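Reviewing the structure listed below.
The values are calculated or read from the model by the stated rules, or taken from the named source; none is laboratory data. Only a predicted model underlies this, so the values are computations on that prediction, with no experimental measurement involved. Because the Cβ atoms are built from the backbone with ideal geometry, glycine has one as well, and the counts that use them run over all protein chains shown.
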């Protein structure tokens, strides 16, 4: 990835994305060749490759799968099953997906591991875990586990525990793209008994084009162009990793391997223009393939695990899903682990879950997963599935005590005020009257991350902001440690006559865009942007106050450090303002902006 990438002109965008495609292609590993018959892992289990012909999205295609059968499991000694698939760009043979099959077979579960639609040696188009396509395809595999259908070669699974004829006792587990498909499946098929989605999305519109302004659900946000185009090129570049593609995986010359709606969504986002009709179509499609639309139909007990180091699917995604499930009475729990798409996914911290290693019994998250399946798949009714909420603390040195627990996700409860002189104060009476301003340039002047740098093994420079293009409010040195757990909120009012004149143009791209973030400033002045998380905002109406929900964090601000709140004009990981839009923020003791922090332990 280039380091500081401005919003590209069309020709530059083509060169940039071509280079990104090459880097992604080099980072991916080719799928392993299929075994010719059952493989044996000592006396513990056998692995049998299978094919299933399914109808998905108007096409008929083959699903490529491996069946892991534990030793001693047969028709008279049935066992519950685990169903899993890969993350985006992977297959049944990649390290973490294959490891799921092995790990649960070794623990007595029948495991069916498959390559998702459009990946590995499975046919059909990539359809973004659409419940009506990917979810229904997975349901056909549940039919196999329940004895309702055979694999294409005639193999039948008459050794899976049943709750009723055709109703297997089956759970699902997997990360990212292999996480959302669980919810998509359970929304269609209530035979699924337990879910463990890791590091996945709740609302794809928020994930790819986030607007963190509260109540602005129908206003597009700031396009997360690096992450989005990285995955888009990965999907469109399938011939680089999978030669001789099944014809069912080809769509058209303008949209090679995705369903047409997915390509249209990315093309609209890349255009930088969001008139009302295109915006409605974009948001409508993105949400139709998102759990936020269909969670009301999910009844299976769900253990949500989300990563703190994740700028693709941040903690707010899983928190929103957790609250929806809990409110409707679906048994659910939430864990905020350390690793996510932006860090630790291939090298977890000591004591953290490592799917590739299968360290379930020796990691906190692994033990919670085993307990979840014990309770809901093995039907051990007295198994303790753990607290409603748990979170990883990176400031605790002992890997056996890094998790804290609570009965709910903390809400903002500590109030700070943005003073006119740039101070962050805890007493409204200390607010100084004043106004300050910034302006954006035609190219990005702030950097939070190069989104795919860690994925493809490249360094990423520290976050920075360019003088004159941001405003900062800094608190006094802390007299004690301050632990922030959850999503901070800030209420703002900005003055921008240029944005006020353009915001009703009929194209949402003419509205003001800004980026809110929290830094930890050390005594020596060095500042840290926690997990490089920012809150993009496309302001619904600059003539009114608006509230911004920042991405959730778990962070200790040590004694002697200072909090710094920043609003910046741009960020090079996102598309930003169209045109120059100067911004002024005015503060007075009786009329000031407010930052609220969710603080625990004091």
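Of the residues in region 384-400, how many are surrounded by fewer than 13 Cβ atoms within 10 Å (Cβ to Cβ) and modelled with pLDDT of 95 or more? Don't jump to the end; show me each part of the working.
Filtering region 384-400 down to residues surrounded by fewer than 13 Cβ atoms within 10 Å (Cβ to Cβ) leaves 384, 395, 397-398, 400.
Subset that is modelled with pLDDT of 95 or more: 384, 395.
Number satisfying all stated conditions: 2.
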By residue number, the members of region 478-534 that are in contact with a helix residue (DSSP H, G or I) (Cβ under 6 Å, 6 or more places away or on another chain), over 21 Å from residue 438 (Cβ atoms) and not in a loop (DSSP other than H, G, I, E, B) are 508
*Within region 390-399, identify whether any single residue is part of a strand (DSSP E or B), farther than 30 Å from residue 590 by Cα and either out of contact with any strand residue (DSSP E or B) (no Cβ under 6 Å at 6 or more places or on another chain) or touching a residue at least 60 places away in the same chain (Cβ under 8 Å) (or both), and answer yes or no.*
yes
Here the residues within region 541-550 that are buried (at least 19 other Cβ atoms within 10 Å of the Cβ), outside any strand (DSSP E or B) and out of contact with any helix residue (DSSP H, G or I) (no Cβ under 6 Å at 6 or more places or on another chain) are 550
- Message: Scan region 246-255 and tell me whether some residue there is touching a residue at least 24 places away in the same chain (Cβ under 8 Å), farther than 30 Å from residue 579 by Cα, out of contact with any strand residue (DSSP E or B) (no Cβ under 9 Å at 6 or more places or on another chain) and crowded, with 18+ Cβ neighbours inside 10 Å.
- Response: no
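Go over the candidates 154, 95, 118, 90 one by one and state the one that is more than 26 Å from residue 378 (Cα to Cα), in contact (Cβ under 8 Å) with a residue 12 or more places away in the chain and surrounded by fewer than 22 Cβ atoms within 10 Å (Cβ to Cβ). Let's see the steps before the verdict.
On the way: 154 fails: in contact (Cβ under 8 Å) with a residue 12 or more places away in the chain; 118 fails: surrounded by fewer than 22 Cβ atoms within 10 Å (Cβ to Cβ); 90 fails: surrounded by fewer than 22 Cβ atoms within 10 Å (Cβ to Cβ).
Just a single option satisfies the conditions, and that option is 95.
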* Could we say that residue 462 is in a loop (DSSP other than H, G, I, E, B) and within 22 Å of the chain's Cα centre (by Cα) here? -> no
Among residues of region 427-446 being over 19 Å from residue 583 (Cβ atoms) and in contact (Cβ under 8 Å) with a residue 12 or more places away in the chain, the residue surrounded by the most Cβ atoms within 10 Å (Cβ to Cβ) is 431
Checked region 412-426 for anything modelled with pLDDT of 95 or more, surrounded by fewer than 19 Cβ atoms within 10 Å (Cβ to Cβ) and closer than 30 Å to residue 322 by Cα; matches are 414, 415
Across region 126-153, the tally of residues that are in a loop (DSSP other than H, G, I, E, B) and either in contact with a helix residue (DSSP H, G or I) (Cβ under 6 Å, 6 or more places away or on another chain) or under 26 Å from residue 305 (Cα atoms) (or both) stands at 8
In the set 424, 452, the lone residue that is over 29 Å from residue 368 (Cβ atoms) and in contact with a helix residue (DSSP H, G or I) (Cβ under 9 Å, 6 or more places away or on another chain) is 452
Pairs returned, first residue in region 268-280 that is in contact (Cβ under 8 Å) with a residue 24 or more places away in the chain, second residue that is assigned to a helix (DSSP H, G or I) and surrounded by 14 or more Cβ atoms within 10 Å (Cβ to Cβ), beta-carbon separation under 6 angstrom, 6 or more apart or interchain, are 272/509; 273/509; 274/508; 274/509; 279/508
Residue 231 vs (1) on the phi < 0 side of the Ramachandran plot; (2) crowded, with 24+ Cβ neighbours inside 10 Å; (3) within 15 Å of the chain's Cα centre (by Cα): all pass except (2)
Within region 455-484, the residues that are surrounded by fewer than 15 Cβ atoms within 10 Å (Cβ to Cβ) and within 27 Å of residue 312 (Cβ to Cβ) are 457, 458, 459, 461, 462, 464
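What strands (runs of 3 or more DSSP E), lying completely within region 6-125, carry at least 2 residues that are modelled with pLDDT of 95 or more and within 22 Å of the chain's Cα centre (by Cα)?
Working: elements: 39-41, 45-56, 59-70, 81-85, 110-114.
Qualifying strands (runs of 3 or more DSSP E): 81-85, 110-114.
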All conditions in (1) out of contact with any strand residue (DSSP E or B) (no Cβ under 7 Å at 6 or more places or on another chain); (2) farther than 27 Å from residue 367 by Cβ; (3) in contact (Cβ under 8 Å) with a residue 24 or more places away in the chain are true of residue 177 except (2)
The lone condition residue 452 fails out of (1) surrounded by 21 or more Cβ atoms within 10 Å (Cβ to Cβ); (2) farther than 18 Å from residue 526 by Cβ; (3) in contact with a strand residue (DSSP E or B) (Cβ under 7 Å, 6 or more places away or on another chain) is (3)
Being within 15 Å of residue 475 (Cα to Cα) and in contact (Cβ under 8 Å) with a residue 60 or more places away in the chain is the requirement here; does residue 564 meet it?
yes
Among residues of region 403-426 being without any contact (Cβ under 8 Å) to a residue 60 or more places away in the chain and part of a loop (DSSP other than H, G, I, E, B), the residue farthest from residue 566 (Cα to Cα) is 407
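Please pick out the residue among 356, 333, 300, 318 that is part of a loop (DSSP other than H, G, I, E, B) and touching a strand residue (DSSP E or B) at 6+ places or on another chain (Cβ under 8 Å). Lay out the reasoning, then the answer.
Numbers: 356 fails: touching a strand residue (DSSP E or B) at 6+ places or on another chain (Cβ under 8 Å); 333 fails: part of a loop (DSSP other than H, G, I, E, B); 318 fails: part of a loop (DSSP other than H, G, I, E, B).
Criteria check complete, one pass: 300.
Check region 264-280 and report whether any residue there is part of a loop (DSSP other than H, G, I, E, B), in contact with a helix residue (DSSP H, G or I) (Cβ under 8 Å, 6 or more places away or on another chain) and surrounded by fewer than 23 Cβ atoms within 10 Å (Cβ to Cβ). It would help to see each step written out before you state the result.
Going residue by residue through region 264-280, those that are part of a loop (DSSP other than H, G, I, E, B) are 272-274.
Remaining after also requiring in contact with a helix residue (DSSP H, G or I) (Cβ under 8 Å, 6 or more places away or on another chain): 272-274.
Imposing the further condition that a residue be surrounded by fewer than 23 Cβ atoms within 10 Å (Cβ to Cβ) reduces the set to 272-273.
So far as region 264-280 goes, yes, one or more of its residues are part of a loop (DSSP other than H, G, I, E, B), in contact with a helix residue (DSSP H, G or I) (Cβ under 8 Å, 6 or more places away or on another chain) and surrounded by fewer than 23 Cβ atoms within 10 Å (Cβ to Cβ).
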